[in-house]
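Report on one structure; see the data block that follows.
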Amino acid sequence: MKLFIWKISHNALPTNSTIFHRHLSSDSVCIRRLDVDEDAIHCLHDCGMAHDIWTDLGMANKDDFMTRSVYQWIRKFTYSDITSLFVVGMWWIWKHRNMVFFMVVMLGLSG
Ligand SMILES: [Zn+2]
């Protein structure tokens, strides 16, 4: 989990936007939305499924939860009274994103 948090806070999580900017992909968009870049904050915070999970966990309404800075978001909630829930929520969202991503790739459903 520490490596996962480190990757998020150092912009090293291999989202579509990250691998596109490293010239390892031809597309930076979210595979679930197709109209926005998939950076870490979008993938783990803003994307529909992620937002639904945070809402279900009762975290979407917490103060400062709906920020646009991934660094501030990670820093605030990895050192709080809800650290475990926050980290597990992000991990689950990332795992689900990867399941959808690789299913799309394996089935040849991407552009
Ligand atoms: Zn998305």
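A few notes on this one:
- The relative contact order of the chain comes to 23 percent, based on Cα pairs under 8 Å that sit 6 or more residues apart.
- In this structure the amide hydrogen of V29, modeled in the peptide plane, comes within under 5 Å of the amide hydrogens of E38, none closer than 5 places in sequence on its chain.
- When the chain is treated as a Gaussian network with alpha carbon springs shorter than 10 Å, the biggest mean-square fluctuation among G58, G48, G89 belongs to G58.
- Projected label points at L34 and V104, each 7 Å from Cα along the beta carbon direction, are separated by 0.9 nanometres.
- Mean Kyte hydropathy of -1.0 or more with a Cα span along the axis of at least 27 Å, helices from DSSP in the chain: 83-106
- Taking a Cβ cut-off of under 14 Å around W91, the surrounding Lys, Arg, Asp and Glu residues balance to a net charge of +4, with basic ones at +1 and acidic ones at -1.
- Each stretch of four or more DSSP H residues adds -39500 (n - 2.57); spread over every residue of the chain, this sum gives -15500 deg cm²/dmol at 222 nm.
Coordinate-derived values only; no laboratory data. Keep in mind that what you see is a predicted model, and the values were worked out from it rather than measured. Neighbour counts are summed over all protein chains in view; Cβ atoms, including those assigned to glycine, are modelled from backbone coordinates with ideal geometry.
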